[in-house]
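Undergrad: My questions will all concern the structure given below.
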Amino acid sequence: FPVTILAIKRDNRNGMRIEAIAVRGVSGLVVGGAISAYSGIPLAIVRKEGDGSHSDYPIEYGDEFSRYCFVDDFISSGKTLSKVIDALGDRELVKVYLYKSAEESILNYQKPSGYESRMNVPVESWML
């Protein structure tokens, strides 16, 4: 995840103005929490439906911001990203950062069919 931190800091220096880092569910919390701590950008957890928590809020700890990036391991169908965009509502998703462990190659990664027209968010990806 150091590459993600550097990319987020680079993009903010270049005017992207990311106010919060969005992650999906508890699985994104581990990497997202570390990226948030090292980058100094607040973390927002986008809850999965039926996650068994005691919260009714779709976004935890960061719903007061208006410009988000989304950090995830990969996008295969676009469903998770679509749900994040739905949860953000009127807030703006400015970029998606994808990471994948070296053991799980993303060399053959392709954006889902219709991705650009549906999501219209730049994506940056790499292997850890």
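Undergrad: Only one of 38, 68 is open to solvent by 30 Å² or more (accessible area, probe 1.4 Å), of a type in the set (Ser, Thr, Tyr), modelled with pLDDT of 90 or more and outside any loop (DSSP other than H, G, I, E, B). Can you tell me which?
TA: Answer to the check: 38.
Undergrad: For the subset of the stretch 1-32 comprising residues that are open to solvent by 30 Å² or more (accessible area, probe 1.4 Å), touching a strand residue (DSSP E or B) at 6+ places or on another chain (Cβ under 9 Å) and not in a helix (DSSP H, G or I), which member is farthest from residue 89 (Cα to Cα)?
TA: If we take residues in the stretch 1-32 being open to solvent by 30 Å² or more (accessible area, probe 1.4 Å), touching a strand residue (DSSP E or B) at 6+ places or on another chain (Cβ under 9 Å) and not in a helix (DSSP H, G or I), then 1 is farthest from residue 89 (Cα to Cα).
Undergrad: Consider only pairs whose beta carbons are under 9 Å apart and that are at least six residues apart or on different chains; among these, list those whose first residue lies in the stretch 1-26 and is of a type in the set (D, E, K, R) and whose second residue is at pLDDT below 85.
TA: Qualifying pairs under 9 Å: 11/124; 19/62; 24/47; 24/48; 24/80; 24/81.
Undergrad: Now a separate question. When the stretch 81-128 is examined, which residues are found to be assigned to a strand (DSSP E or B) and modelled with pLDDT under 85?
TA: 98, 99, 100, 123, 124, 125, 126, 127
Undergrad: Just to be sure, is residue 76 among the hydroxyl-bearing types (Ser, Thr, Tyr), open to solvent by 60 Å² or more (accessible area, probe 1.4 Å) and either assigned to a helix (DSSP H, G or I) or modelled with pLDDT under 75 (or both)?
TA: Considered against the rule, which asks whether it is among the hydroxyl-bearing types (Ser, Thr, Tyr), open to solvent by 60 Å² or more (accessible area, probe 1.4 Å) and either assigned to a helix (DSSP H, G or I) or modelled with pLDDT under 75 (or both), residue 76 comes out as yes.
The values are calculated or read from the model by the stated rules, or taken from the named source; none is laboratory data. Remember, it's a predicted structure, so these values are computed and weren't measured experimentally. As a convention, Cβ positions derive from the backbone with ideal geometry for all residues, glycine included, and neighbour counts pool all protein chains shown. Only protein heavy atoms, including side chains, enter the accessible area calculation; ligands, DNA and RNA are left aside. Shrake-Rupley method; radii C 1.70, N 1.55, O 1.52, S 1.80 Å.
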